[in-house]
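Notes to accompany the following structure.
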Amino acid sequence: MPDIKKEIQKRILVLDGAMGTMLQQYNFSEEDFRGERFKDFPVSVKGNNDLLSLTQPKALKEIHAKYLEAGADIIETNTFSGTTIAMADYQMEDLVYELNYESAKLAKEVADEFTAREPHKPRFVAGSLGPTNRTASMSPDVNDPGFRAVTFDELRIAYKLQVEALVDGGVDLLLVETVFDTLNAKAALFAIEEVKEEKNVDIPIMLSGTITDASGRTLSGQTAEAFLISTSHIPLLSIGFNCALGANLLQPHLEAIASKTDFAISAHPNAGLPNAFGEYDETAEEMAAQIEEYLKRNLINIIGGCCGTTPEHIKAIAEVSAKYKPRQLVIPA
């Protein structure tokens, strides 16, 4: 059984790119999202990308395979919104376990095919845990700063169900990503530790925050270093940042944490900043050139792409990463 803790010491690991960007290319209609099974579902489900793991599994497998062919070592499950909290928007809370379990199984099947083909380059599946659409440390009501739309315990329970399904589905690691509120992330990490204990499994954890603007802080107000300090009590495989910024704007925040932790450092930036139409224009070559600056400064152990990135971007990133050694780690046995 390949061990990611060993692989991460040998080379820079490449994470896949954007699932949403790839799914948009299929132009799925409401009927495609519903499939036969949800034909008469009472509310619109178009836009519920996680549902496509059940209704369009062939497309999901194609996307996973394209990223692996491009050189990805780690692919993410299609479960970014796979909690009861996020699924409430579509009245699909009851499907959460199945969505996560099937997404994990799909990704694992494709990853295992590639590992069997190239045993020297084992592929891993990361169970993706998104931030939900609620925040635990800020009020959504400007007139009532003490109000919270969700509690820590509600988040913990929601994440626990997701984690159980992902682990049962066979993921190799868990990725708590796009963290804009560290309290939400702590609920996810708490849930993971509970599941690890109950199932007696030791599953590696990646944690990835998101710096939302030029202030260099997360939405809930933490600097990169504060984010690191407030989550370092958990034995993480890696910590880093994704989304919100392009590769060049993310660099100072990676520098802020790389010298202060023994954890691996990860980054999966966007393909630049969105244009006026919300689209991403940065080419694979432009993005890879910016990422090479991370590599020259020895900042990175895991690198991939977020919004706007495609297999083309991942291929260019994988090619440039192969020329560099990973940042040195002190990994406890």
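Structure summary
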| quantity | calculated |
| --- | --- |
| Candidate set from the range 288-307 (those that are under 16 Å from residue 9 (Cβ atoms) and of a type in the set (S, T, N, Q)); member that is surrounded by the most Cβ atoms within 10 Å (Cβ to Cβ) | 301 |
| Some residue of the range 259-269 being in a strand (DSSP E or B), touching a helix residue (DSSP H, G or I) at 6+ places or on another chain (Cβ under 7 Å), under 18 Å from residue 179 (Cα atoms) and of a type in the set (Gly, Ala, Ser) | yes |
| Filter result for residue 244 (surrounded by 22 or more Cβ atoms within 10 Å (Cβ to Cβ) and hydrophobic (A, V, I, L, M, F, W, C)) | no |
| In the range 197-226, the residues that are within 23 Å of residue 14 (Cα to Cα) and in a helix (DSSP H, G or I) | 224 |
| Helices (runs of 4 or more DSSP H) lying entirely in the range 1-72 (those with 2 or more residues that are more than 19 Å from the chain's Cα centre (by Cα)) | 4-10, 30-34, 52-55, 57-69 |
| Search result, residues across the range 136-159 that are surrounded by 15 or more Cβ atoms within 10 Å (Cβ to Cβ) and at pLDDT 75 or above | 150, 152, 154, 155, 156, 157, 158, 159 |
| Residue 309 being in a loop (DSSP other than H, G, I, E, B), hydroxyl-bearing (Ser, Thr, Tyr), without any contact (Cβ under 8 Å) to a residue 60 or more places away in the chain and out of contact with any Pro (no Cβ under 8 Å at 6 or more places or on another chain) | no |
| Residue match in the range 73-91 (condition: outside any loop (DSSP other than H, G, I, E, B) and over 21 Å from residue 162 (Cβ atoms)) | no |
| Filter pass, residue 88 being under 30 Å from residue 322 (Cα atoms) and not acidic (Asp, Glu) | no |
| Residue pairs meeting the criteria (Cβ under 8 Å; at least 6 apart or on separate chains; first in contact (Cβ under 8 Å) with a residue 60 or more places away in the chain, in the range 230-241; second in a strand (DSSP E or B) and β-branched (Val, Ile, Thr)) | 235/205; 237/205; 238/265; 238/302; 240/265; 240/302 |
| Single residue of 212, 231, 218 found to be under 17 Å from residue 130 (Cβ atoms), of a type in the set (S, T, N, Q) and modelled with pLDDT of 90 or more | 231 |
| Only one of 30, 7, 62, 76 that is in contact with a Lys or Arg (Cβ under 6 Å, 6 or more places away or on another chain) and either at negative phi or touching a residue at least 12 places away in the same chain (Cβ under 8 Å) (or both) | 30 |
| Matching residues, the range 79-102, being free of Cβ contacts under 8 Å to residues at least 40 places away in the same chain and within 18 Å of the chain's Cα centre (by Cα) | 87 |
| Scan of the range 33-59 for residues that are within 26 Å of residue 111 (Cα to Cα) and either among the aliphatic types (A, V, I, L, M) or touching a residue at least 40 places away in the same chain (Cβ under 8 Å) (or both), ordered by number | 48, 50, 51, 52, 53, 54, 57, 59 |
| Hey, residue 278 part of a loop (DSSP other than H, G, I, E, B), surrounded by 22 or more Cβ atoms within 10 Å (Cβ to Cβ) and of a type outside the set (S, T, N, Q) or not | no |
| Residues within the range 166-181 that are within 15 Å of the chain's Cα centre (by Cα) and either of a type in the set (Val, Ile, Thr) or assigned to a helix (DSSP H, G or I) (or both), tallied | 5 |
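For (1) acidic (Asp, Glu); (2) surrounded by 20 or more Cβ atoms within 10 Å (Cβ to Cβ); (3) in contact with a strand residue (DSSP E or B) (Cβ under 9 Å, 6 or more places away or on another chain), each residue gets a yes or a no:
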{"site": "39", "(1), (2), (3)": "no, no, no"}
{"site": "47", "(1), (2), (3)": "no, no, no"}
{"site": "67", "(1), (2), (3)": "no, yes, yes"}
{"site": "71", "(1), (2), (3)": "no, no, yes"}
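The values are calculated or read from the model by the stated rules, or taken from the named source; none is laboratory data. Bear in mind that the values here come from a model prediction, so they are computed numbers and not experimental data. Methodologically, a virtual Cβ is constructed for each residue, glycine included, from the backbone with ideal geometry; neighbour enumeration extends over all protein chains shown.
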